[in-house]
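Report on the structure given below.
The values are calculated or read from the model by the stated rules, or taken from the named source; none is laboratory data. Quick caveat, the model's predicted, so the values are computed rather than measured. Note that we place each Cβ from the backbone using ideal geometry, even for glycine, and neighbour counts take in every protein chain shown. What goes into the accessible areas is simple: the full protein's heavy atoms, side chains included, and nothing from ligands, DNA or RNA. Shrake-Rupley method; radii C 1.70, N 1.55, O 1.52, S 1.80 Å.
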Amino acid sequence: GMPNTSGLVNRRNVVATSDATVVSRLKQAGAIPLGVTNCSELCMWYESSNRVPLLCWVILPARSHLVCGFFCVSPCAGGEGGVLAAACSVIGVGSDIGGSIRMPAFFNGVFGHKPTTGTAGAGLSSPPRRGWRQAECGVWGEPAGDTPVPVSGGIARHSFPRLKLNEKVSLEKIKFYCMDHDGGSVFVSPVDKEILQAQKKVVEHLESELGVQVQHVAIHKMKYSFQIWSAMMSSTDGDGQEAQLFTDLLGDHGKPVWPLWELMKWLVGMSSHTLPAIALGLTEKVMKLNPGGNAKLVSMGKSLKEEMEALLGPDGVLLYPSHPTIAPRHNSPICMPFNFAYTAIFNVLGFPVTQCPLGLSSEGLPLGIQLVAASYNDHLTLAVARYLEKAFGGWVVPGKV
């Protein structure tokens, strides 16, 4: 009974006739859904803006000029981040394609968890899971101690034993690793100094309070995160099935969208699509022109996964920036459109990741960090997030900003 537009104008009259699998599971567990929140066009951009009429933007509480979200399947995205940060609801669920949960969680100062890929499939979602195989349903909310474990267990109940969510974690026995940045990709912004300072404080706290040694690492292939994500998003799966093209999804079972034509229409104000969606369609077309290069990037991605699996093992957690910059101003992401690579790389690698808030910057804006573990070690990142919440305060009540 709720709108199911995915931010597309040609779906503006579509109303859901059934629940997505994740929503159904939560309702069966006793959760009460309040509604769906706004997302960008096909959930594929930083800001939750689209051309669908009557859909409003939900913005970062008390910071109306700043971006509050990213791309994500309803009921997620930037709208959900604003709702949670303002304490309008307790938890949110959504689909994480390239940071769809973790980025708005970071921008809004709340917790966000992307489970191990394949443990909480989207089911009856839009865009369809077949089109975006790297999407994974996850959960977010204000307190790390109360929501992620039971809710993650609810949406991934068929994988619950393998995720070991009820297993007690000894933090002193975790092997901690830290990366300050991706190695200097030309496609993304340098990491903000205050984000680096917050990460340094986490390292110092872990070493002084837990008595662990945090090892700084430099994983060279992370420098190519955006290229690897793009190539692996469009690659064939294990069964040889091609991923559905973004331009086909924009057409929504109709004629595929021609991005160059849409760009010309956009220049004269006649396109029903947003500029970021058109740009992504053009990028997809360009990537298709170099199949040999794509194959090399897919191979690099597989090698990176093996390298990180070996590094993290069954008891390792990596500290990594959630985003290179603090919440940006509206429309500014168009200047650096690939900054989402800091979250997206872990989608194609399939690792569980938890975004953890770390207080506020000098301007009163949220800081945070990603906690990454090897596949099926979600319990490690969630345990560390609960610990850091106690140490750094977690979510900050908007009225105190």
The alpha-carbon pair-distance distribution computed for the stretch 197-307, with 10 angstrom bins and whole-percent values, is 12, 29, 24, 18, 14, 4, 0
Just to make sure I understand: if all protein chains stay in place, what is the order of 235, 362, 6 by accessible area at 1.4 Å, largest first?
362, 235, 6
Residue 288: which lysines have alpha carbons under 16 Å from its alpha carbon, excluding same-chain residues fewer than 8 sequence positions away?
296
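Using 0.36 nm per residue of separation minus the Cα-Cα distance, give me the extension gain between residue 14 and residue 390 in nm, one decimal. Show your work: numbers first, answer last.
Working: separation 376, 0.36 × 376 = 135.36 nm, distance 4.33 nm.
Here the answer is 131.0 nm.
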Express the carbon and sulfur contribution to the solvent-accessible surface of the stretch 271-401 as a percent, rounded to the nearest whole number, probe 1.4 angstrom.
61 percent
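Sort 194, 306 from largest to smallest accessible area, using a 1.4 Å probe on the heavy atoms of the protein chains. Don't skip to the end; give the middle numbers.
Numbers: 194 50, 306 130 Å².
Of 194, 306, the descending order of accessible area is 306, 194.
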Ranked order, 32, 326 - accessible area, probe 1.4 Å, largest first
32, 326
Could you report the accessible area of residue 340 in Å², rounded to 10, computed with a 1.4 Å probe on the protein chains as they sit in the structure?
20 Å²
Counting only other residues whose beta carbon sits under 14 Å from that of residue 304, what net charge do I get with K and R as +1, D and E as -1?
+1
On the full set of protein chains, 1.4 Å probe, figure out the accessible area of residue 252 and give it in Å² to the nearest 10.
40 Å²
Starting from the 7 Å offset along Cα-to-Cβ, what nm value, one decimal, do you get for the label separation of residue 200 and residue 260?
4.9 nm
